[in-house]
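S.K.: Dropping a structure here in C-alpha cells format, bear with me for questions.
The values are calculated or read from the model by the stated rules, or taken from the named source; none is laboratory data. Predicted model only: the values in this text are computed from it and were never measured. Every residue, glycine as well, gets a Cβ built from its backbone with ideal geometry; the counts of neighbours run over all protein chains shown.
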Amino acid sequence: MRAVSVRQPWAWAIARGHQPVLNRSCDTGYRGPVAVYASLRADLRSVASHVVRETALTSSDPADPVNAIGGFIAVVSLQGVCTAAAPGRPGGSRGCACGEWAAAGAYHWQLAGPRPLRWPVLALGQPGLWELDPEVAGGLRRFLPDEVVRAATAG
C-alpha cells in the first residue's frame, strides 16, 4: 500500500468523501489503495476560504478522528490521474470534467471509496507518494470500520 501526505482541512474532506480530486504537481502510474496521511502542517488560508465554508468543512466536529494531524486518517482508492490541466498543457482546466476541486495547472488524482479510520494512526509522514511498510499497512487495516473489513473479507 502507498501513502500520500495531505494538509488539513483537505485530508478531512478526502476522508469524508467531500473531495474526490487531489491536486498534485506530478503524475503517477500507481493505481490502488492509498493511505491518507494528515500532515502536521495545516492549510490555514483554506480554512477561511469561500470553498471551505460552502462545503461545511469548518463546521466539522473537532472530536472527529479524521480532524487529526500527524497521522493516517483514511484509506482511499486512487482510480486514475487526469492530465488535461497538467503543467505545460494549454487551456488550464478547460475540457477537464474533474469538478470544482480540480485546480488548473495540476494533475488531478481521482480518488474513490474513502474509508475513514476509526482512530488516527500517528506517524511521521513523507513528501510525495511513498510505499508503506507491510506491517504499517496491516495495522491501518485494523482501524478501518468493521463494515469495511467485513465487506473486504466476504466472498
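S.K.: Restricting the search to region 61-116, which residues are of a type in the set (A, V, I, L, M), closer than 18 Å to ALA3 by Cα and modelled with pLDDT of 80 or more?
M.R.: Here is the first cut: in region 61-116, the residues of a type in the set (A, V, I, L, M) are 63, 66, 68-69, 73-76, 78, 81, 84-86, 97, 102-104, 106, 111-112.
With closer than 18 Å to ALA3 by Cα added as a condition, the list becomes 66, 68-69, 73-76, 78, 81, 111-112.
Scanning region 61-116 gives ALA68, ILE69, ILE73, ALA74, VAL75, VAL76, LEU78, VAL81, LEU111, ALA112.
S.K.: Residue check: is GLY32 closer than 13 Å to GLY113 by Cβ, surrounded by fewer than 16 Cβ atoms within 10 Å (Cβ to Cβ) and without any contact (Cβ under 8 Å) to a residue 60 or more places away in the chain?
M.R.: Values: closer than 13 Å to GLY113 by Cβ: yes; surrounded by fewer than 16 Cβ atoms within 10 Å (Cβ to Cβ): yes; without any contact (Cβ under 8 Å) to a residue 60 or more places away in the chain: yes.
Yes: the conditions hold for GLY32.
S.K.: Test ARG16 against the stated conditions and say whether it is at pLDDT below 90 and charged (D, E, K, R).
M.R.: Numbers: at pLDDT below 90: no; charged (D, E, K, R): yes.
Answer is no for this residue.
S.K.: Okay, moving on. Would you mind telling me which numbered condition in (1) within 19 Å of TYR30 (Cβ to Cβ); (2) modelled with pLDDT of 85 or more; (3) over 15 Å from the mean Cα position of the chain (by Cα) TRP119 fails?
M.R.: Going through the list (1) within 19 Å of TYR30 (Cβ to Cβ); (2) modelled with pLDDT of 85 or more; (3) over 15 Å from the mean Cα position of the chain (by Cα), TRP119 breaks only (1).
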